[in-house]
Amino acid sequence: MSLDITYARDLVAQASSIVVLTGAGVSAESGVPTFRGPGSLWKSHRPEELATPEAFARDPRLVWEWYAWRRSLVADCAPNPAHECLARLALDHESTRLVTQNVDGLHHRAADSVAADHEDPSRAYPLEVHGAIHRDRCSGCDRRTPGRNDIEASSTDSLPHCENCQSLLRPDVVWFGEALDSTIINDSFEAARSADLCLVIGTSAVVYPAASVPEITLDSGGTVIEVNPQETHLSPRSSVSLKGRAGEVLPDILD
Ligand code: OAD
């Protein structure tokens, strides 16, 4: 076992309160594409071009086509060992809070399967700061409803509409330029402030305010462990930066 892994295991064992920030990299081994880097383009579009209110206003059909593709892709994916380890950590370690930028619901599904029948899985449900892809939100009245997987996005006329007010539905995710749910982000910041350890897993940590989570823990005197095959701007500020895949590294430090 490498010295870094041993040190990371010690930091986890000694921590009294842990906050975990995850990003797209934690789901990469489940088959969900990340937002930046190789494989992130869809039909030559960059996700940042489609995940905006302006893109939806300009061409809701194109944006829905992308989300319908992502929704069905995610429905066919399963949680990987990284999601499962983090769910176990949150269930076993009462003062652990998971915060995710991911909208894929895989942490939730891992919690349900790890907790099985005998535990309350909700302790391992993450704070989803960027929303949830499997929910719809009405662009008129804001009503949230479970989303369908079989969205017909071949024409604007076939897009889903609200049963309440007949406005166009949209996925219940946060787009660039939109405000985050204030309760969810404040709870995430509070967990970061009270944590003596922040695990940062599979995120480029460039999208704020979510990327503030490890910075808040550091500013409050805590430490950071990063798991990412690539160097990020957070790597030099981390006590341990483990350069590997989450599904391989996390079982070594958490199980
Ligand atoms: P990114 O695509 O920016 O970053 C993914 C990170 O995961 C990169 O740093 C990769 O090196 C790393 N990575 C890849 N495979 C990995 C693996 N197997 N194990 C561990 N790490 C791995 O995704 P995010 O940081 O999540 O926001 O992006 C943040 C936000 O930007 C997203 O939530 C989304 C996006 O635009 C919104 O849509 C609002």
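Starting with the highest mean, order 16-24, 246-254 by the number of other Cβ atoms within 10 Å, averaged over the residues of each peptide.
Listed from highest to lowest mean packing, they are 16-24, 246-254.
Can you give the translational diffusion coefficient of the chain in µm²/s, computed by Stokes-Einstein from the Kirkwood radius over Cα pairs at 37 °C and 0.692 mPa s? Estimated via Stokes-Einstein, D reaches 174 µm²/s. Among DSSP beta bridges lying fully in the chain, give the percent that are antiparallel, nearest 5. Counting DSSP beta bridges with both partners in the chain, the antiparallel share is about 35 percent. At 4 °C and 1.567 mPa s, grab the translational diffusion coefficient of segment 96-239 from Stokes-Einstein with a Kirkwood Rh over Cα pairs, rounded to a whole number in µm² per second. Translational diffusion coefficient: 76 µm²/s.
In the chain, helical runs assigned H by DSSP with n ≥ 4 each contribute -39500 (n - 2.57); averaged across all residues and rounded to the nearest 500, the mean residue ellipticity at 222 nm is -10500 deg cm²/dmol. Under 15 Å from a label point set 7 Å out along the Cα-to-Cβ vector of A75, the amide N atoms of segment 129-157 belong to 133-136, 146-154. Which part of segment 39-60 falls in the paramagnetic zone of T156, meaning amide N under 20 Å from the point 7 Å along Cα-to-beta-carbon? Zone members listed by number: 50-60.
Could you give the DSSP H helices of the chain that reach 20 angstrom or more along their long axis (alpha carbon positions) and whose average Kyte-Doolittle hydropathy is no lower than -1.0?
Within the chain the helices that satisfy the rule are 60-75.
For the chain, the carbon plus sulfur part of the accessible surface works out to 49%, probe radius 1.4 Å.
Counting only DSSP beta bridges with both residues in segment 158-255, tell me the antiparallel percent, nearest 5. Just about 10 percent of them are antiparallel.
Pull out a ≥ b ≥ c, the square roots of the eigenvalues of the alpha-carbon gyration tensor of segment 85-130, then state rounded if a/c is under 1.5, prolate if not and a/b is larger than b/c, and oblate in the remaining case. Oblate is the answer for segment 85-130, as a/c is 1.5 or above yet b/c matches or exceeds a/b.
Can you sort S238, S113 by solvent-accessible area, 1.4 Å probe, largest first?
Final ranking, largest accessible area leading: S113, S238.
In segment 1-103, the convex hull through the Cα atoms has an average projected area of 8.6 nm², a quarter of its surface area.
The values are calculated or read from the model by the stated rules, or taken from the named source; none is laboratory data. Please read all numbers here as calculations on a predicted model, not as lab measurements. Please note: Cβ atoms are built from the backbone with ideal geometry, for glycine as well, and neighbour counts cover all protein chains shown. These area figures cover heavy atoms from the full protein model, side chains too; ligands, DNA and RNA do not enter into them. Shrake-Rupley method; radii C 1.70, N 1.55, O 1.52, S 1.80 Å.
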